[in-house]
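Peer 1: Submitted below is the structure of interest, expressed as structure tokens.
What follows draws every value from the coordinates through simple rules; no lab data is involved. Keep in mind that this is a model prediction, so the values were computed, not measured. Every residue, glycine among them, receives a Cβ derived from its backbone with ideal geometry; neighbour counts consider all protein chains shown.
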Amino acid sequence: MCPTSAAAKEPNTRDELTRDKIKAAAQRLFATHGIDGVSVRDIVKAAGAKNGASLHYYFGSKDGLISELVADGARRSEGGRQRALQELDANGGPKSASDIVRLLVEVEIGKHREADEADPIGLGHMRFIVALQINHRRIMQSVLDGEQNTAYLKCLAHLRRFMPELPAEVVNQRLIFMYIMLTTTLAAREAAFENDPTGGKLWSSPHALENLIASITGILEAPYPA
């Protein structure tokens, strides 16, 4: 490689490092202070960026940065769900709603991540998602599309197949309840591990995740009317 081409690539590498630092800092701040409680200045300072206008340079705006964080998280989760579904299909496919709930939980705690992906605990991903759901759902919905949710939609189709006796409206409500319980509980788990590497009294228990999976499955399979 000639010196000229090597020099030409250096700024791109620096740009990528700066972008990654800004995104990591933003996600941590959003996770702990909420979306509205964090300013552009807070993010730039936490990222250690020398140029105060760097966020706008790389992302256009705070909303542009948020959109990229949503897209990054969606790609990681979707990739994990695709790999998990392939593994499940290779073993005969899901046999119960619990199999799909387990898949969804395990993907979000990093079990099916790529080998070079970092452990998601402590990065603030789940708390960031919960914060978006509460006050900035519009941004989240504008970024996500069918291609980024294909595997998730397959999971929902499997779950519907395991609840044939329930009215469609009830099934849809329970799938929403499942999503809310899964994201908020895993957000609390993420915070617990960040505060205490053991996960504290609740999440240090070897049965905690199994109990979560059973609880979510119970919501889906509860008789109707009760």
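Peer 1: Can you give the local net charge around PRO225? Use residues other than it whose beta-carbon is closer than 15 angstrom to its beta-carbon, Lys and Arg +1, Asp and Glu -1.
Peer 2: Around PRO225, the charge tally is -2.
Peer 1: Restricting to Cα pairs below 8 Å that are 6+ residues apart, what does the relative contact order work out to for the range 70-214? Please round to a whole percent.
Peer 2: Relative contact order, the range 70-214: 32 percent.
Peer 1: Residue separation times 0.36 nm, minus the C-alpha to C-alpha distance between LEU17 and ILE219: what's the value?
Peer 2: Separation in residues times 0.36 nm, less the Cα-Cα distance, equals 68.4 nm.
Peer 1: Helices from the chain with mean Kyte-Doolittle at least 1.0 and a Cα length along the axis of 18 Å or more, per DSSP H: which?
Peer 2: 208-221
Peer 1: Tell me the label-point distance for the pair GLU210, ASN195, using the 7 Å Cα-to-Cβ offset, in nm and rounded to one decimal.
Peer 2: The modelled label-to-label distance comes out at 2.6 nm.
Peer 1: Now for a different question. Report, in deg cm²/dmol and to the nearest 500, the calculated mean residue ellipticity at 222 nm for the chain, where each DSSP H run with n ≥ 4 adds -39500 (n - 2.57) and the sum is divided by the residue count.
Peer 2: The helix-only estimate for the chain comes to -23500 deg cm²/dmol at 222 nm.
Peer 1: Set the Förster distance to 25 Å, then compute FRET efficiency between GLU169 and GLU87 from the Cβ-Cβ distance, nearest 0.05.
Peer 2: 0.15
Peer 1: Work out which trypsin sites (Lys or Arg not before Pro) in the chain are exposed loop sites (DSSP not H, G, I, E or B, at most 14 other Cβ within 10 Å) and give the longest gap free of them.
Peer 2: 112-226
Peer 1: Can I ask one more? Using 7 Å Cα-to-Cβ label points, what is the ILE180/TYR57 separation (nm, one decimal)?
Peer 2: Those two pseudo-labels are separated by 4.4 nm.
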